[in-house]
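Enquirer: Take this structure, written in structure tokens, and hold onto it; I'll ask about it next.
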Amino acid sequence: MCCFSRPVRHVSGTSIFARDAEDGRQLLVYSMNFDADEALAMILPLPVPPAPGDDAVRFIDLERYPRLFRDLGRAFPPLLQAKSRGAPLAAAARARPRLTVHRVGRFEASFVPTLAEFSRLDERFRVAPEVWDSLPQYRDYGFAVFKLRPRRRLLGLWRRRQTVHPMAFSFPRRDPATLFFPTVHVHDGVAPARAKFDHTLYCQPAPAIAETFAWERSSGPLGHHVDDARAGGVIDPASPGYRVTLVGERPNHDVTLTPPPGLALELLRARGAHHELTLRAAAAYYDDIYSEQQRRWSATARRHVNVLGAALRDGLLELERARREAWGLTPYDPALPEMHANGDRVWSFTTWRVEPGDSPGPCRVRFTVFNDDVEPQLVAWTFSRVPDAARVREVQAALERLLAETTARFSTSRAP
């Protein structure tokens, strides 16, 4: 969240990294470019459990690793690019001691356990109560507060924008299954319904998220590009990372990653003797739904992914047994040349349309099937030879019938 206690001239290039930590905690690293005329605070709301102690947040000093996000970026292909009320809060905290101030690199940082505790901070580092009134989702959050100072002007005339070295900490979560990214914008005391984003988000999530969301995967373990010794333990050097960019105008809210409830991981990839199903549930993470179809896809991914996966798995096994000879199927082998069906033709990933005589040996052909309630699902069949147009139409029709029968079990078309 770009929430500042005083006006800022410029904010850009926000980068945030999140990862699960032990004991249900979350690690969060934040960096940005900014320019301001006076000392101010950046405030990050955190979904902590109720009534956290003053020491619930553990700050991590990354001053010696200002290039952390640059190194994270190198692990990926280049980018193309209850309502608070002022008076009662002050009265409730008037007798409380000042909050503990931690020196974290070039910053001073504090943890504010509740909105009522903001009066324990210097007034320059608070946000007006009416701003919190407009953001009721934070009524029971805690807040990490970083005090920032502007650069001195050169010869009293101008100064360069400064890039904030990564600010890192861990915090306890009320929902250990959810990764949280504070991205709500509050500038100049205003929280608009939509805001302009210039954010790059990185994470190393649990398998239930990593196997279902659609973020870009790094080319290998993050330790190949990030100096773990200087990163203060915030990354897992042996695991890959994931990235998404948020650029342009979007709904002004935080980004959360919560896997479909009760997700059965074993359903995400189901292989038979002659096929492999890749179950997709990326719609579970939609945060800017702009069509009825997207709403339905999201509802299915959140509520019915296990039913969908089990029904497709069983239905594909039945199709395989019934059509193996007629379709000319051969034992599944992921090393076979991969092609994809589009319309009634088969296409190579490296060449144009492939005709049955162009590739005489076995091949894998990937089919995509979806409808108004289910996002695109992937089914790869292995054929003894490239199927002709009639066979492609037959296989596609069989998959569409199977999906329609499956969807009838849980249709979300009338879901609220």
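The values are calculated or read from the model by the stated rules, or taken from the named source; none is laboratory data. Since this is a predicted model, take the numbers as computed values, not measurements. Cβ placement follows ideal geometry from the backbone for every residue including glycine, while neighbour counts extend to all protein chains displayed.
Enquirer: What single numbered condition from (1) under 35 Å from the mean Cα position of the chain (by Cα); (2) modelled with pLDDT under 95; (3) surrounded by 14 or more Cβ atoms within 10 Å (Cβ to Cβ) fails to hold for Thr350?
Expert: Of (1) under 35 Å from the mean Cα position of the chain (by Cα); (2) modelled with pLDDT under 95; (3) surrounded by 14 or more Cβ atoms within 10 Å (Cβ to Cβ), only one is false for Thr350: (3).
Enquirer: Take the residues of segment 85-102 that are within 30 Å of Pro166 (Cβ to Cβ) and modelled with pLDDT under 75: which is surrounded by the most Cβ atoms within 10 Å (Cβ to Cβ)?
Expert: Leu99
Enquirer: Name, by its number, the condition in (1) in contact with a Cys (Cβ under 6 Å, 6 or more places away or on another chain); (2) not assigned by TED's automatic domain parsing to the domain that holds Asn371 that does not hold for Pro251.
Expert: Checking Pro251 against (1) in contact with a Cys (Cβ under 6 Å, 6 or more places away or on another chain); (2) not assigned by TED's automatic domain parsing to the domain that holds Asn371, the one that fails is (1).
Enquirer: Another question about this same structure. Quick check, is Ile289 in a loop (DSSP other than H, G, I, E, B) and within 19 Å of Asp372 (Cα to Cα)?
Expert: So Ile289 passes the test.
Enquirer: Could you give me the residue pairs with C-beta distances under 6 Å whose first residue belongs to segment 4-22 and is surrounded by fewer than 23 Cβ atoms within 10 Å (Cβ to Cβ), whose second residue is of a type in the set (Lys, Arg) wherever it lies, and which are 6+ apart or on separate chains?
Expert: Here the result reads His10/Arg161, each pair linking segment 4-22 to a residue that is of a type in the set (Lys, Arg).
Enquirer: Same structure, new question: Looking at (1) touching a Gly at 6+ places or on another chain (Cβ under 6 Å); (2) at positive phi, which is the only condition Gly13 fails?
Expert: (1)
Enquirer: Return the residues of segment 270-311 that are buried (at least 20 other Cβ atoms within 10 Å of the Cβ), of a type in the set (A, V, I, L, M, F, W, C) and within 15 Å of the chain's Cα centre (by Cα); say none if nothing qualifies.
Expert: The answer is Ala281, Ala283, Ala284.
Enquirer: Give just the number: which of (1) over 20 Å from Leu402 (Cβ atoms); (2) modelled with pLDDT of 95 or more; (3) surrounded by fewer than 19 Cβ atoms within 10 Å (Cβ to Cβ) does Asp388 not satisfy?
Expert: Failing condition for Asp388: (2).
Enquirer: Could you list, in sequence order, the residues of segment 17-44 that are β-branched (Val, Ile, Thr) and more than 18 Å from the chain's Cα centre (by Cα)? Steps first, please.
Expert: Our first condition is that a residue be β-branched (Val, Ile, Thr); within segment 17-44, this holds for 29, 43.
The one that is β-branched (Val, Ile, Thr) and more than 18 Å from the chain's Cα centre (by Cα): Ile43.
Enquirer: Determine whether Arg25 is in the same structural domain as Thr163 (by TED's automatic domain parsing) and in contact with an Asp or Glu (Cβ under 6 Å, 6 or more places away or on another chain).
Expert: Considered against the rule, which asks whether it is in the same structural domain as Thr163 (by TED's automatic domain parsing) and in contact with an Asp or Glu (Cβ under 6 Å, 6 or more places away or on another chain), Arg25 comes out as no.
One line per residue, one yes/no per condition, for (1) modelled with pLDDT of 95 or more; (2) over 28 Å from Val8 (Cα atoms); (3) in the same structural domain as Ile60 (by TED's automatic domain parsing); (4) of a type in the set (Ser, Thr, Tyr):
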| residue | (1), (2), (3), (4) |
| --- | --- |
| His185 | no, no, yes, no |
| Ala206 | yes, yes, yes, no |
| Ala210 | yes, yes, yes, no |
| Trp215 | yes, yes, yes, no |
| Pro221 | yes, yes, yes, no |
| His274 | yes, yes, no, no |
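Enquirer: In segment 45-57, what count of residues is obtained for those that are in a strand (DSSP E or B) and either touching a helix residue (DSSP H, G or I) at 6+ places or on another chain (Cβ under 8 Å) or at pLDDT below 95 (or both)?
Expert: Going through segment 45-57, the residues in a strand (DSSP E or B) turn out to be 45-46.
Now restrict to residues that are either touching a helix residue (DSSP H, G or I) at 6+ places or on another chain (Cβ under 8 Å) or at pLDDT below 95 (or both): 45.
So the count comes out to 1.
Enquirer: Would you mind stating whether Ser31 is more than 16 Å from Gly232 (Cα to Cα), part of a strand (DSSP E or B), assigned by TED's automatic domain parsing to the domain that holds Arg250 and of a type in the set (S, T, N, Q)?
Expert: No; evaluated as a whole, the condition is false for this residue.
Enquirer: Could you identify the single residue in Leu267, Leu201 that is under 25 Å from Arg409 (Cα atoms) and surrounded by 18 or more Cβ atoms within 10 Å (Cβ to Cβ)? Working first, answer last.
Expert: Details: Leu201 fails: under 25 Å from Arg409 (Cα atoms).
Of Leu267, Leu201, the one residue that is under 25 Å from Arg409 (Cα atoms) and surrounded by 18 or more Cβ atoms within 10 Å (Cβ to Cβ) is Leu267.
Enquirer: Which residue out of Ser359, Ser413 is among the hydroxyl-bearing types (Ser, Thr, Tyr), under 19 Å from Ala301 (Cα atoms) and either part of a loop (DSSP other than H, G, I, E, B) or at pLDDT 95 or above (or both)? Write out each step before concluding.
Expert: Working: Ser359 fails: under 19 Å from Ala301 (Cα atoms).
Result: Ser413 is the single residue among Ser359, Ser413 that is among the hydroxyl-bearing types (Ser, Thr, Tyr), under 19 Å from Ala301 (Cα atoms) and either part of a loop (DSSP other than H, G, I, E, B) or at pLDDT 95 or above (or both).
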